[in-house]
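Asker: One structure coming up, written as structure tokens, with questions to follow.
The values are calculated or read from the model by the stated rules, or taken from the named source; none is laboratory data. Because the structure is predicted, anything quoted here is derived from the model rather than measured. For neighbour counting, all protein chains shown are included, and Cβ atoms are generated from backbone atoms with ideal geometry for every residue, glycine included.
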Amino acid sequence: MSLARVQNFSISLDGFGTGEGQSDQAHFGHAGDRLHQWMFGTRWWRGRHEPGGSGGVDDVFAQQFDRGIGAEIMGAGKFGHPGWHEDPEWKGAWGPNPPFHTPVFVLTHHTRPPIEMDGGTTFYFIDASPADALETAREAAGGQDVRIGGGPTVIRDFLAARLIDHMHIAVVPILLGRGVRLWDGLEGVEEDYQVEATSSPSGVTHVTFTRTGR
């Protein structure tokens, strides 16, 4: 069976996966792009836009983002700012060619017809439990893995339902102080996983969780 994976999900030292005050102009609220600066400098990221970029630990982890991924599940908060469902023209925060290149299942109470984008991304809007959403995404993934893309609330729900097989969390050396935390209510979740941590010269700590017993 394909795996349910979290890849390249960044949190602050105090556990926030997004900042406060999300809007159509600030997708991560007051956090801005600070949670993801480690990734923007990598050879993997820069190679998508221009020559250059650094190798090393950050680049090795960044490269895992789309390897073996056949579908993604994301929450309404990752797809758009509060109130996006009231705008029939809103197609997400990534422009006409989003970086997913697979079917993407957006968990929302405000369903709408699918949106086909350039580059192979199609957004499907479903109102489903984590288990049902994962079953749907696995069918679409054609035997490949399903990425649980976030935001933090969605990842927390999938962890609570014991549905995530492998998870990569990048702990970024900043303090946000407010926003949406990843770990709330998940006391002891590490007991289900083999946990490894790798430090990078950038100051980021890459923490991987691999479910034991598979």
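Asker: Being in contact with a strand residue (DSSP E or B) (Cβ under 7 Å, 6 or more places away or on another chain), surrounded by fewer than 19 Cβ atoms within 10 Å (Cβ to Cβ) and among the basic types (Lys, Arg): is that true of ARG162 here?
Answerer: Working: in contact with a strand residue (DSSP E or B) (Cβ under 7 Å, 6 or more places away or on another chain): no; surrounded by fewer than 19 Cβ atoms within 10 Å (Cβ to Cβ): yes; among the basic types (Lys, Arg): yes.
Judged against the criteria, ARG162 is not a match.
Asker: In the stretch 129-149, which residues are in contact with a Leu (Cβ under 9 Å, 6 or more places away or on another chain) and surrounded by 19 or more Cβ atoms within 10 Å (Cβ to Cβ)?
Answerer: PRO130, ALA133, LEU134, ASP145, VAL146, ILE148
Asker: Which residues, counting only those in the stretch 169-206, are in a strand (DSSP E or B), surrounded by fewer than 17 Cβ atoms within 10 Å (Cβ to Cβ) and touching a residue at least 40 places away in the same chain (Cβ under 8 Å)?
Answerer: So the first thing to find is which residues in the stretch 169-206 are in a strand (DSSP E or B), and the list is 169-172, 180-181, 193-199, 205-206.
Next cut, surrounded by fewer than 17 Cβ atoms within 10 Å (Cβ to Cβ) only: 194-199, 205.
If the condition is that a residue be in a strand (DSSP E or B), surrounded by fewer than 17 Cβ atoms within 10 Å (Cβ to Cβ) and touching a residue at least 40 places away in the same chain (Cβ under 8 Å), then THR198, SER199 are the ones that fit.
Asker: Checking the structure you have, find out if any residue of the stretch 109-128 is assigned to a loop (DSSP other than H, G, I, E, B), among the hydroxyl-bearing types (Ser, Thr, Tyr), surrounded by fewer than 21 Cβ atoms within 10 Å (Cβ to Cβ) and touching a helix residue (DSSP H, G or I) at 6+ places or on another chain (Cβ under 6 Å).
Answerer: No, because not a single residue in the stretch 109-128 is assigned to a loop (DSSP other than H, G, I, E, B), among the hydroxyl-bearing types (Ser, Thr, Tyr), surrounded by fewer than 21 Cβ atoms within 10 Å (Cβ to Cβ) and touching a helix residue (DSSP H, G or I) at 6+ places or on another chain (Cβ under 6 Å).
Asker: If we keep just the residues of the stretch 31-63 that are within 19 Å of GLY92 (Cα to Cα) and of a type outside the set (A, V, I, L, M), which is farthest from the chain's Cα centre (by Cα)?
Answerer: Residues of the stretch 31-63 that are within 19 Å of GLY92 (Cα to Cα), as a first pass: 31-33, 36.
Now restrict to residues that are of a type outside the set (A, V, I, L, M): 32-33, 36.
Numbers: GLY32: 16, ASP33: 14, HIS36: 12 Å.
This residue is GLY32.
Asker: Which one of these is surrounded by fewer than 18 Cβ atoms within 10 Å (Cβ to Cβ), farther than 17 Å from MET167 by Cα, at pLDDT 95 or above and among the charged types (D, E, K, R): ASP87, ASP14, ASP24?
Answerer: Details: ASP87 fails: at pLDDT 95 or above; ASP24 fails: at pLDDT 95 or above.
Sole residue among the options that is surrounded by fewer than 18 Cβ atoms within 10 Å (Cβ to Cβ), farther than 17 Å from MET167 by Cα, at pLDDT 95 or above and among the charged types (D, E, K, R): ASP14.
Asker: Looking at (1) in a loop (DSSP other than H, G, I, E, B); (2) more than 17 Å from MET74 (Cα to Cα), which is the one condition that is false for ILE164?
Answerer: (2)
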